[in-house]
1. Being within 14 Å of residue 134 (Cα to Cα) and touching a Leu at 6+ places or on another chain (Cβ under 8 Å), is that true of even one residue in the stretch 198-206?
2. Taking the condition of being modelled with pLDDT under 80 and either under 19 Å from residue 272 (Cα atoms) or loosely packed, with under 10 Cβ neighbours inside 10 Å (or both), how many residues in the stretch 1-37 meet it?
3. Which residues, counting only those in the stretch 150-163, are within 16 Å of the ligand (Cβ to nearest atom) and out of contact with any helix residue (DSSP H, G or I) (no Cβ under 7 Å at 6 or more places or on another chain)?
4. Given (1) touching a Pro at 6+ places or on another chain (Cβ under 7 Å); (2) within 22 Å of residue 125 (Cα to Cα); (3) within 16 Å of the ligand (Cβ to nearest atom), where does residue 230 come up short, assuming only one miss?
5. Where residues in the stretch 284-335 are touching a residue at least 24 places away in the same chain (Cβ under 8 Å) and β-branched (Val, Ile, Thr), which of them is surrounded by the most Cβ atoms within 10 Å (Cβ to Cβ)?
6. If I go through the stretch 215-227 residue by residue, how many of them are surrounded by 24 or more Cβ atoms within 10 Å (Cβ to Cβ) and more than 16 Å from the ligand (Cβ to nearest atom)?
7. Between 211, 239, which is at pLDDT 95 or above and away from the ligand (no atom under 16 Å from the Cβ)?
8. What is the residue count in the stretch 208-254 for residues that are more than 19 Å from residue 119 (Cα to Cα) and part of a loop (DSSP other than H, G, I, E, B)?
Amino acid sequence: MEEEEIIEEELLLVESQLNGLQDKIKTLLDQQEELYERQAQLKALLEISKTSRDTSNSAPSVPLEDWSGKFSWDSQVDDTRFNVFGISSYRSNQREIINSIMSGKDVLVIMAAGGGKSLCYQLPAVLRDGITLVVSPLLSLIQDQVMGLAALGIPAHMLTSTTNKEIEKFIYKALEKGEGELKILYVTPEKISKSKRFMSKLEKCHHAGRLSLVAIDEAHCCSQWGHDFRPDYKNLGILKIQFPSVPMIALTATATSKVQMDLIEMLHIPRSVKFVSTVNRPNLFYRVYEKSSVGKVVIDEIANFISESYPNNESGIVYCFSRKECEQVAKELRGRGISADYYHADMDVVAREKVHMRWSKSKSQVIVGRNGNQ
Ligand SMILES: Nc1ncnc2c1ncn2[C@@H]1O[C@H](COP(=O)(O)OP(=O)(O)OP(=O)(O)O)[C@@H](O)[C@H]1O
């Protein structure tokens, strides 16, 4: 009994020391974040000061705050926004971003997921002469974008490991000889870092003055400090080195100051105009439910939640930890009358595309996948 009391006493002491340590760690992390913020501000100030010195003798550039002013392309941009994209008004920063790209600037965009980043490069892509190259990390994202653009009548293609030979030939001809209709070309970063053939065609396209814009989607993947670092993104710096005159737009929904500095450096766009929009998403909300410890009950709870909250088959995604779990959960949901398909990296490309298409066309309600579609 006495021994237990001693142990309990020491346990309390250790727990209180741990709590004390956690508070200190939190304070240190807050301090670190503040210092990174300040470091980024100071570096940006230095850069601006250097840039204004370097450009003081050249033609006057548009001051930062004037990207919402009047431009010669205003009516064309508005017409394309409405008649091609079917969008009646701009969201925050979209017009300014489009104007800075149309002016030939490099641009860094930080905008919340779903905030409307795609329009910021797709609209200039339609208006500028030539082909826009878009680098995006995931096949599923690319497929989604290409499908959406095709529905709007915009000639867009993707060149990935899944592209068939005929389309590949069409794309290479468009790049090399300017034949055929191609405005927007999506590739994964591996194409840039691993395909010499592709890079040589791109070089020819640029040489002929037909490469109009380079867009790097999910640009935080460049940075090892980001939450989703992808090694092939590290090689994207080559694009600005090989095509310095082509404006580049880097877009991300999540970038701390440190990640921003990192990706500006890696992509070689030190003079980029930066646009930061609020990350607040008023249409999103989070709710936490206590999970049952019994697997079957959890599935019942998920199924009930879906059928009660989304009685009109509104689509959604269930995230799981493992590929096996994705398959099991999808099967169990189907057994409870919910049209669910699983989606993960072990599936072949055709099967994945089929699932994606079914879901996009509301033929299935739920996709059960893993974070990052792994
Ligand atoms: N100005 C606008 N008015 C109305 N809808 C818009 C506007 N701009 C974009 N949208 C729509 O908002 C949706 C989300 O846009 P988009 O896919 O470009 O977001 P995103 O910022 O790229 O998101 P993510 O980070 O998730 O890729 C799309 O359906 C798009 O058509």
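1. yes
2. 2
3. Hits for the stretch 150-163 are 150, 151, 152, 153.
4. (2)
5. Checking each candidate, the answer is 329.
6. 1
7. The unique qualifying residue is 211.
8. 14
The values are calculated or read from the model by the stated rules, or taken from the named source; none is laboratory data. Values in this document were obtained by computation on a predicted structure and should not be read as measured data. With ideal geometry, Cβ positions are generated from the backbone for all residues, glycine too; neighbour counts draw on all protein chains shown.
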